[in-house]
Amino acid sequence: MNYRIQPTAQVDETARIGDGSSVWELAQIREQARLGEGCVVGRGAYVGTGVQIGNNVKIQNYALVYEPAELADGVFIGPAVVLTNDHNPRSVDPDGKQKRGGDWEAVGVKIAEGASLGARSVAVAPVRIGRWAMVAAGAVVTKDVPDFGLVVGVPARRIGWVGHVGVKLTAREGEPGVWECPQTGALYRETGPDTLVEYGSGA
């Protein structure tokens, strides 16, 4: 066994845990969930049935990742983040009968490579959070976030762009639509109203 599971964690026998991963105290990993290599699941976190998680993903303490969420490689889920799975949640049907698992259709949150969700943010399914995007702490995401998008607020709105290292990009002087990472010098270009692509270095 090339992974670590704390004694108080609950990991279903049908879940698959990748090499080098750690599951900490009181975390719960449900049936058929899949964690890639090098993942960290923090104290009290929840990973729902059949959730698919890539490599090197961090799920911090008390985050709730409900099925059928899909997390690509390098995703960061901050403390107490919630990924929902029901667009019209009800405990009972119109006749007052309690709804069971088969009485509704789960919808998922998809998070692309390298994206980060800050502490206590909420993603309301169904939404997609793009590659290397950044969701601010406490934000409520109700619509798709573009690649490299920086979103804040309730509901979340885009206020800028971030690069691979998570630093807010700055407009490059004299080059409309071109953005630069102040830390690495990497350059990005807007190719549409909500589309940014990396294309080189400012060095």
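Just so it is clear, none of the values below were taken in a lab; they were calculated from the coordinates. A quick note: this is a predicted structure, and the numbers were derived from the prediction, not measured. Backbone-built Cβ (ideal geometry, glycine too); neighbour counts: all protein chains shown.
Phi angles across segment 140-157 convert, under the Karplus curve 6.51 cos²θ - 1.76 cosθ + 1.60 with θ = phi - 60°, into 3J(HN,Hα) values of 10, 8, 10, 9, 4, 10, x, 3, 6, x, 10, 10, 9, x, 10, x, 5, 9 Hz, Gly and Pro given as x. For Arg90, neighbours were defined as the other residues whose beta-carbon sits under 10 Å from its Cβ, and their charges (Lys and Arg +1, Asp and Glu -1) total -2. Candidate cross-link partners of Lys143 among the lysines, defined by an alpha-carbon separation under 25 Å and a same-chain spacing of 8 or more, comprise Lys58, Lys110, Lys168. Note: relative contact order over segment 4-161, using C-alpha pairs below 8 Å and six or more positions apart, is 13 percent.
Give the calculated FRET efficiency between Val167 and Asp12 to the nearest 0.05, with a Förster radius of 41 Å applied to their Cβ-Cβ distance. In this case the efficiency is close to 0.60.
Working note: Cα gyration tensor of segment 163-203, eigenvalues times five, square-rooted, sorted largest first, giving semi-axes of 15, 12, 9 Å.
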